[in-house]
1. Could you pull out every one of the strands (runs of 3 or more DSSP E) wholly within the stretch 251-359 that has 2 or more residues that are more than 16 Å from ligand 2 (Cβ to nearest atom)?
2. Which residues, counting only those in the stretch 219-256, are aromatic (Phe, Trp, Tyr), without any contact (Cβ under 8 Å) to a residue 60 or more places away in the chain and surrounded by 17 or more Cβ atoms within 10 Å (Cβ to Cβ)?
3. Residues of the stretch 368-398 being part of a loop (DSSP other than H, G, I, E, B) and not charged (D, E, K, R), which ones?
4. When the residues of the stretch 549-590 are narrowed to those that are within 16 Å of ligand 2 (Cβ to nearest atom) and among the basic types (Lys, Arg), which ends up surrounded by the fewest Cβ atoms within 10 Å (Cβ to Cβ)?
5. Which residue pairs have Cβ atoms closer than 8 Å, lie 6 or more positions apart in sequence or on different chains, and pair a first residue in the stretch 171-190 that is closer than 21 Å to Gln144 by Cα and of a type in the set (Asp, Glu) with a second residue that is surrounded by 18 or more Cβ atoms within 10 Å (Cβ to Cβ) and modelled with pLDDT of 95 or more?
6. Counting only residues that are of a type outside the set (A, V, I, L, M, F, W, C) and within 9 Å of ligand 1 (Cβ to nearest atom), which one in the stretch 288-321 is nearest to Glu238 (Cα to Cα)?
7. Tell me which residues, restricted to the stretch 62-78, are part of a loop (DSSP other than H, G, I, E, B) and out of contact with any Lys or Arg (no Cβ under 7 Å at 6 or more places or on another chain).
8. So which residues in the stretch 317-335 are buried (at least 24 other Cβ atoms within 10 Å of the Cβ), in contact with a Gly (Cβ under 9 Å, 6 or more places away or on another chain) and farther than 15 Å from Tyr393 by Cβ?
Amino acid sequence: MAVSSQPVPRVIGVDVSRPDPHSYFDDEQPRARHLELELDLDFDARRVVGRVTLVLEAAVPAIDPDGALPVLDLDTDGLEIEAVLGDGGERLGAVLDDADPVLGRRLRVDLAAGTSRVTIEYRAAADAIGLQWLSPEQTSGGVQPFVFSQFQAIHARSVVPLQDSPGARVTFEAALTVPESLVAVMGAGAGVAEPGPRAGTRTFRFEMPQAIPPYLISFAAGDLVSRELSERSRIWAEPSVVEAAAYEFAEVEAMMATAEGMFGAYDWDRYDLLVLPPSFPYGGMENPRLTFLTPTVIAGDRSLTDVIAHELAHSWTGNLITNANADHFWLNEGATTWAERRIVEALHGEEAVTLAWAIGEQGLADAFERFGVDSPFTRLRTDLGGGDPDAVYSIVPYEKGARFLVLLERAVGRERFDAFLRRYIERYRFSSITTEEFVAFLDQELPGVGGEVGAQEWLYEPGLPENAPRFESGRLEELIALGGGFGDGVRPSAEEVEGWSASELLVYLQRVPRPLAAEDCRWLDERFELMGRGNYELLVEWLTIAAASDYEPAFARIREVLVEVGRMKYVRPLFLAMGEHARTRELAREVYAAAAPGYHELSRRAARDVMAGYSAG
Ligand code: BES
Ligand code: ZN
């Protein structure tokens, strides 16, 4: 093995040629522009056996005898490096540093004059954080195993050694080898299957001609089938889920047309969707050409399709224009949440979007409470300094970021703002930018407006500025009054609540005070038939009230939901609400023990993190 191990001091934030505090990517070194990826998915060992060739932008020039020897710094996390080879298959020197707890291990490769391709043969760890391997029992079909990737923000490096920074965009071609009973899919151009290298295997070949940040590399394999949604969109899911999914997401083409009207042509050819098993730790992930989705968005009545609007909108904001690093995450999520709401408004009307803003407002208030309003984690432009982005993930960049854009939109009028956004996309498409670049563009295109709305405060200060836009409607006022009046005995009648939409009910439930007495919990459950809701936003909001109220009749349902579903948006608040009473803390520990084996590592960490904050008892 050509790799030695030796500690090297870390110089985060000092090294000017390192544009990303979460990556060893060095601007001044050769750039890998294209990857040739071969991943053999070994389901028995739960390991990826990999071989990647990093194709450099240009061959390394003749080496100046007095100059420094050219090197290539790559990110790795838990990878076992077996060989590092140059263009002709000759071994290159390489050193794997000690691990940084967040960044992983730097792999420094010695380049030679003329090197234009670096090939690395390696194995990923069985507990690679970028993957979850599922046993057949953890899938809905129960017969075949499943694996999926989730690389944002900094987990590509646990599966592929590369320059793992959003500024280091790559195109790629990939060959995925899987057991022949499985179908492999990738966020890339269509997969073509051929016999694999060993008996009982198949290899799927993909190609990604558009340059993407490494966190958008994505794949999954399992018992997957697909249904057409439109000429350029299909849904992938396990056979038992695919029909319900096709019904739920039928609106996709209409959403695409709306988004294209706002942002310009869709740049990624196809827009397919993949429904994952319920342990998927997010609601959705905007992997290009193939959005990954939690099955909890299949409510049965299309009431949670704002998640699709959101992930689709990332095709422009996030995937075309990408945050330069995790400190500028609001550029991805704030702009996408703003766009999501515009799509919802166009398709479902102003009343619907006002409720969506109100739901987000409550989420924002909860996040301020979690961190404290003065916390630097409530800034839009953050300064994580190499700290773990997963640990401080919150709704703040989404809801605060989107509100900042609404403020700009209201300041100049929708027409001018939309034109500004189209120029922004035109100018920065297929690049990765900072908050400061955004501000410079804003000042150039809409002079004076940033100053007028207080952009500096919005971007660099914690909390929510006084001039935050308000979203109001008569209906919203009514719902807030009803929910907020609960403590004073206000109880809507059965006739009154008939025909409430899911969003209306969610706004109401969010405003219901907690804890409640058992009889009030019972009343809520009966009036709104909450325990059996297929809409997980409603179900979880209800169970959060029940947990915070120590309401025992809900314990079994809480256990059931948390053992089944690993989506962090639900895991966090439910475990948090269970921290209020000795009996629910006991429940939490018991549920965690039952659920943890099926959870993604990120969800386990989220639950443990919340439980670590429980007071004793
Ligand atoms: N890109 C995010 C998910 C993400 C963020 C994964 C950071 C890893 C690190 C995705 O677009 C997202 O925001 N999903 C939301 C849904 C949305 C409607 C707010 C989610 O998962 O809940
Ligand atoms: Zn998003």
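The values are calculated or read from the model by the stated rules, or taken from the named source; none is laboratory data. Quick caveat: nothing in here was measured; it's all calculated off a predicted structure. With ideal geometry, Cβ positions are generated from the backbone for all residues, glycine too; neighbour counts draw on all protein chains shown.
1. 272-275
2. Answer for the stretch 219-256, where residues must be aromatic (Phe, Trp, Tyr), without any contact (Cβ under 8 Å) to a residue 60 or more places away in the chain and surrounded by 17 or more Cβ atoms within 10 Å (Cβ to Cβ): Trp236, Phe249.
3. Within the stretch 368-398, Gly372, Val373, Ser375, Leu380, Thr382, Leu384, Gly385, Gly386, Gly387, Tyr393, Ser394, Ile395 meet the criteria.
4. Restricting to residues being within 16 Å of ligand 2 (Cβ to nearest atom) and among the basic types (Lys, Arg), the top hit is Lys569.
5. Note: pairs meeting the criteria are Glu180/Gly196; Glu180/Arg202.
6. Thr294
7. Quick first cut of the stretch 62-78, residues part of a loop (DSSP other than H, G, I, E, B) only: 62-70, 77-78.
If the condition is that a residue be part of a loop (DSSP other than H, G, I, E, B) and out of contact with any Lys or Arg (no Cβ under 7 Å at 6 or more places or on another chain), then Ala62, Ile63, Asp64, Pro65, Asp66, Gly67, Ala68, Leu69, Pro70, Gly78 are the ones that fit.
8. Thr317, Thr322, Leu331, Ala335
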